[in-house]
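See below for the structure under consideration.
The values are calculated or read from the model by the stated rules, or taken from the named source; none is laboratory data. Quantities reported herein were computed from a predicted structural model and do not represent experimental measurements. All Cβ positions, even for glycine, are placed from backbone atoms using ideal geometry, and neighbour counts span all protein chains on display.
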Amino acid sequence: MNVIHRRICRSDDWSARMHGSVLPWATNDVDLGGDVLEIGPGYGVTTRWLAPRSGSLTAVEVDGTMAADLAREFSDVDVRHGDGARLPFADGSFDAVVCFTMLHHVPTPALQDKLFAEAARVLRPGGTFAGIDSLVTLRFRIIHIGDTMTGVDPGGLPERLRTAGLDAPDTEVGQRSFRFRADRG
């Protein structure tokens, strides 16, 4: 992430927005009471909100330094250094898998699709994959100059989630972001 992006993601304003409106919207009607996997927690703003709301929380972060920092901060969260496109868990390990504002950091649509397939694989039958990502705007592009940024089309996402093995995919577009959810049958 570039300097501007890092500053935003670590800010109190970002945390307040995520905790106050974005995460409640993204997880509306998602049962977080069981075993939950968070893919791509980054600096931990979303983990901080999820931890007290989850029965048991595991987080997988691709950046080794961030994973180590998260492990130190969250003693009650099982933090793993790993890749969301190659999850180190057995089939059917989680009741819910979530990811928040990180899909656009996955370098290619093909790797995003692998992440979706991995989320489906590690979900238990009846489990839910849910999350949010940002809509691509001029401001969003500017914030990501020099960063990996592979936008996700919310209109095409349901078919991609179906192809990954998930059922009843749905997206809802908000002001700056969109939420999605799908179930494992």
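Within region 134-162, the set of residues being at pLDDT 95 or above and out of contact with any Asp or Glu (no Cβ under 7 Å at 6 or more places or on another chain) comprises ASP153, PRO154, GLY155, GLY156, LEU157, GLU159, LEU161, ARG162.
Restricting region 27-43 to residues that are among the small types (Gly, Ala, Ser) and modelled with pLDDT of 95 or more, the residue that is surrounded by the most Cβ atoms within 10 Å (Cβ to Cβ) is GLY40.
For every residue, the table says whether it meets (1) of a type in the set (Gly, Ala, Ser); (2) assigned to a helix (DSSP H, G or I).
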| position | (1), (2) |
| --- | --- |
| GLU118 | no, yes |
| GLY127 | yes, no |
| ARG162 | no, yes |
| GLY165 | yes, no |
| ASP170 | no, no |
| ARG179 | no, no |
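Given the structure, is PHE116 in contact with a strand residue (DSSP E or B) (Cβ under 6 Å, 6 or more places away or on another chain), buried (at least 18 other Cβ atoms within 10 Å of the Cβ) and at pLDDT 95 or above? Judged against the criteria, PHE116 is not a match. Inspection of region 169-177 identifies at least one residue that is surrounded by 18 or more Cβ atoms within 10 Å (Cβ to Cβ) and in contact with a Pro (Cβ under 7 Å, 6 or more places away or on another chain).
Of all residues in region 52-102, those that are part of a strand (DSSP E or B) and surrounded by 13 or more Cβ atoms within 10 Å (Cβ to Cβ) total 18.
Against the test of being in contact (Cβ under 8 Å) with a residue 12 or more places away in the chain, over 16 Å from GLY131 (Cα atoms) and small (Gly, Ala, Ser), the options GLY34, GLY44, GLY40, GLY84 yield a single qualifying residue, GLY34. With respect to the conditions (1) out of contact with any Pro (no Cβ under 8 Å at 6 or more places or on another chain); (2) part of a helix (DSSP H, G or I); (3) of a type in the set (A, V, I, L, M); (4) within 21 Å of ALA26 (Cα to Cα), ILE132 falls short on a single one, namely (2).
A quick yes/no check of all residues on (1) acidic (Asp, Glu); (2) in contact with a Lys or Arg (Cβ under 9 Å, 6 or more places away or on another chain):
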| position | (1), (2) |
| --- | --- |
| ARG86 | no, yes |
| ASP91 | yes, yes |
| MET102 | no, no |
| PRO125 | no, yes |
| SER134 | no, yes |
| GLY146 | no, no |
| THR150 | no, no |
| GLN175 | no, no |
| GLY185 | no, no |
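Number of residues in region 135-160 that are assigned to a loop (DSSP other than H, G, I, E, B) and either surrounded by fewer than 19 Cβ atoms within 10 Å (Cβ to Cβ) or under 16 Å from the mean Cα position of the chain (by Cα) (or both): the value is 15.
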